[in-house]
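Q: Below are the structure tokens for one structure; questions will follow.
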Amino acid sequence: MAEKTLNPFEIAQRQIRKAVDELNETDELYYFLSEPMRTLEVSIPVTMDDGHTKVFTGYRVQHNDAIGPTKGGIRFHPKVTKDEVKALATWMTFKCLVVGLPYGGAKGGVIVDPKELSKVELERLSRGYANAISPIIGPKKDIPAPDVNTDGQVMAWMVDEYSQLRGTGQTVHAVFTGKPVEFGGCLGRTEATGYGVALMAREAVKELGMELDVTTSTVQGFGNVGSYAAKYLSELGSKVIGISDFSCCIHNPKGLNIKKAMEYVKVNKLLTGYEEVDSTELSRDELFLIESDLIAPCALENAITSKNAEDIKTKLIVEGANGPTTPEAEKILLRKGVFIVPDILANAGGVTVSYLEWVQNLYHYYWSFKEIQDKQEDKMVEAFENIIHLMREKDVDMRSAAYMIAIQKIAIPLRLRGWIYEEKPEDKVK
Ligand code: GLU
């Protein structure tokens, strides 16, 4: 049956409902978690290089701050919608809970194609957005970070804007993470999400009774997450035989040279035209037709749907993107016996290292690249093991187990703080 709707926020709500039901938890808990606590919509006037003013629409959604300040990236993309940002903010809450970070979830987005902006226009938009959301963010309130099409430079402009607005003469580094290393950033942050994807692939492959160095893999998306996922997958021993981006898919059954492909994309922006001995260029959707032991979808939501799930021939999917597999597709894949490492664990490396960046900014004490990667590995492997343990105990799939762990964790502070009560008639004082 064709999928009726692919609204990511409805998908997020369905995932929460499923886990709440599996835990025999209450409707009160579901209703509390199923809507974000705050959704801010802003209009950002930007003076364009030709002198006219263009007004952009942006959002900042804070899902839940029961555990601590909210946290999550900012996305610049022409297809951003309010519901997408609400879904992404919700997933951030669950992601932080799964890896045990003291944060709730948030997300931001601006409807814009940044490729159409000059550098100065991009700076004005970044500053305008930081200014517009400044009343609700702060190092102890909500800490944004990069996401699709935003990077360290964008974070640096936003820190500068926020600090100037405060008017105290102090630079507030800890209000954004994912900054350049030379400006309060953290070693290993750029690599973190992709590195985490490769680590989770390594653990899942072991779970399936194999070793990474006898596997082949394919990676969808070659931006920050996908390129580093491919790089670390190949460094950890997997033969990466397919990569793709918006422009095409590059297939090499003998294994791709990922460093070379990354250098090519740095210069040419897109993968199209990239060549190696034995490589062929296919259309971007053909990536999912390549037979490989594992696939890491590392682009946008809804990449794997009921339309292509039947064609996918793999044992393992490691979700580097947020929400890449629709629930209908997931049903098909689980029926075929595919093991899925869910996004809220597989791509949690970015926010895990963002947390380390934030701690360093607050303490003015900085760790080495190896220390950061070791801490990231410890946190993610521990989370993986906890989820697998519950998955076996409850006999559910890995996504359900991850949501169940997160819901069990957040239910406690919600009740302790008195944010939810589930009074039954018999509890009433007579
Ligand atoms: N945008 C990233 C994510 O979706 C990182 C968020 C952060 O570092 O706060 O997880």
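The values are calculated or read from the model by the stated rules, or taken from the named source; none is laboratory data. Note that this is a predicted model, so its numbers are computed, not measured. With ideal geometry, Cβ positions are generated from the backbone for all residues, glycine too; neighbour counts draw on all protein chains shown. Heads up: the accessible areas ignore ligands, DNA and RNA and are worked out on the full protein's heavy atoms, side chains in. Shrake-Rupley method; radii C 1.70, N 1.55, O 1.52, S 1.80 Å.
Q: How large a share of the accessible area of segment 323-387, in percent, is made up of carbon and sulfur atoms when the probe is 1.4 Å and the other protein chains stay in place?
A: In segment 323-387, the share of accessible area belonging to carbon and sulfur is 52 percent.
Q: What residues qualify as long-range amide H neighbours of I340, i.e. H under 5 Å apart, gap of 5 or more or another chain, H built at 1.01 Å from N?
A: Correct list: I317, M398.
Q: Ok, one more. Wrap a convex hull around the Cα atoms of segment 47-101, take a quarter of its surface area, and give that in square nanometres.
A: The number I arrive at for segment 47-101 is 4.9 nm².
Q: Still on this structure, please answer the following. At a 1.4 Å probe, what is the % contribution of carbon and sulfur to the accessible area of segment 135-258? Numbers along the way, then the final one.
A: On the way: 2230 of 4510 Å².
Taking all protein chains in place, segment 135-258 shows 50 percent carbon and sulfur surface.
Q: Which of the peptides 240-246, 417-423, 34-40, 105-111 is most tightly packed, and how do the rest follow, going by the mean number of other Cβ atoms within 10 Å of each residue?
A: Values: 240-246: 24.1, 417-423: 10.6, 34-40: 16.3, 105-111: 27.3.
Going from most to least packed, we get 105-111, 240-246, 34-40, 417-423.
Q: If you restrict to DSSP beta bridges whose two residues both lie in the chain, what percentage is antiparallel, to the nearest 5?
A: Working: 22 of 48 bridges.
Restricted to the chain, the bridges split so that about 45 percent are antiparallel.
Q: Report the local net charge at V98: Lys and Arg +1, Asp and Glu -1, summed over other residues whose C-beta lies under 11 Å from its C-beta.
A: Once all neighbours under 11 Å are counted, the net charge is +2.
Q: Seen from all sides and averaged, what is the projected area of the convex hull of the Cα atoms in segment 100-178, in nm²?
A: Its Cα hull, projected and averaged over all orientations, spans 5.6 nm².
Q: In nanometres, what is the gap between the two model label sites at Q153 and I136, each 7 Å from Cα along Cα-to-Cβ?
A: About 2.9 nm, to one decimal.
Q: Moving on to the next point. Rolling a 1.4 Å sphere over the protein heavy atoms, what is the accessible area per residue of the chain, to the nearest Å²?
A: Here the per-residue accessible area is 43 Å².
Q: I've got another one for you. Please report Rg over Rh for segment 280-383, where both radii come from the alpha carbon positions and Rh follows the Kirkwood definition.
A: Ratio of gyration radius to Kirkwood radius: 1.10.
Q: Ignoring any ligand, DNA or RNA, what whole percent of the accessible area of segment 275-316 comes from carbon and sulfur when the probe is 1.4 angstrom?
A: Using a 1.4 Å probe with all protein chains present, segment 275-316 comes out at 47 percent carbon and sulfur.
Q: Is it possible to state the helix-based mean residue ellipticity at 222 nm for the chain, with each DSSP H run of 4+ residues giving -39500 (n - 2.57), the sum divided by total residues, to the nearest 500 deg cm²/dmol? What is it?
A: Theoretical 222 nm ellipticity from helices: -14000 deg cm²/dmol.
Q: Once ligands and nucleic acids are excluded and a 1.4 Å probe is used, how much of H251 is accessible, expressed in Å² to the nearest 10?
A: Rounded to the nearest 10, that gives 40 Å².
Q: Step through the residues of segment 48-61 one at a time and calculate ³J(HN,Hα) from phi using the Karplus curve (6.51 cos²θ - 1.76 cosθ + 1.60, θ = phi - 60°), rounding each to whole Hz and writing x for Gly and Pro.
A: Values per residue, Gly and Pro as x: 7, 4, 8, x, 8, 9, 10, 9, 9, 9, x, 9, 9, 10 Hz.
Q: While we're on this one: Calculate the spin-label point distance for E310 paired with D21, positioning each point 7 Å from the Cα along the beta-carbon direction, and give it in nanometres.
A: 2.6
Q: I would also like to ask the following. Can you work out the FRET efficiency for the pair T81 and E385, with r the C-beta to C-beta distance and R0 = 25 Å, to the nearest 0.05?
A: 0.10
Q: What list of whole percents do you get for P(r) of segment 289-340, with Cα-Cα distances grouped in 10 Å bins up to the one holding the largest distance?
A: Once binned at 10 Å, the Cα pair distances of segment 289-340 give 30, 65, 6.
Q: Between K115 and R38, how many nm apart are label points set 7 Å from Cα along the C-beta direction?
A: That separation, rounded to one decimal, is 3.5 nm.
Q: Once amide H atoms are placed 1.01 Å from N in the peptide plane, what residues at a sequence separation of 5 or more from V219, or on another chain, have their amide H within under 5 Å of its amide H?
A: Excluding prolines and chain starts, which carry no amide H, the hits are G242, I243, S244, A296.
Q: Which values of log₁₀ I(q)/I(0), to two decimal places, follow from the Debye formula for the chain at q = 0.07 Å⁻¹ with a uniform point scatterer at every Cα?
A: -0.33
Q: Let me ask something else. Using only Cα atoms, locate the centre of segment 259-325 and the centre of segment 57-118, then give the distance between them in Å, rounded to an integer.
A: Cα centroid to Cα centroid, the span is 24 Å.
Q: Something else now. With just the Cα atoms of segment 252-335, tell me how far they stretch along each of the three principal axes, in Å, largest first.
A: Taking max minus min along each principal axis of the Cα atoms, segment 252-335 gives 39, 24, 19 Å.
Q: Here is a follow-up. Calculate, in whole percent, how much of the Cα-Cα pair population of segment 326-430 lies beyond 23 Å.
A: 51
Q: Which of the pairs K95/K140; K254/K315; K54/K119; K140/K394 have their Cα atoms more than 25 Å apart in this structure? Intermediate values should be presented prior to the final figure.
A: Numbers: K95/K140 19 Å; K254/K315 20 Å; K54/K119 15 Å; K140/K394 37 Å.
In this structure, K140/K394 exceed 25 Å between Cα atoms.
Q: Can you give the FRET efficiency to the nearest 0.05 for E235 and H364, using r as the Cβ-Cβ distance and R₀ = 22 Å?
A: Working: r = 32 Å, r/R0 = 1.46.
Calculated value: 0.10.
Q: Would you mind giving the average projected area, over all directions, of the Cα convex hull of segment 47-178 in nm² with one decimal?
A: 7.9
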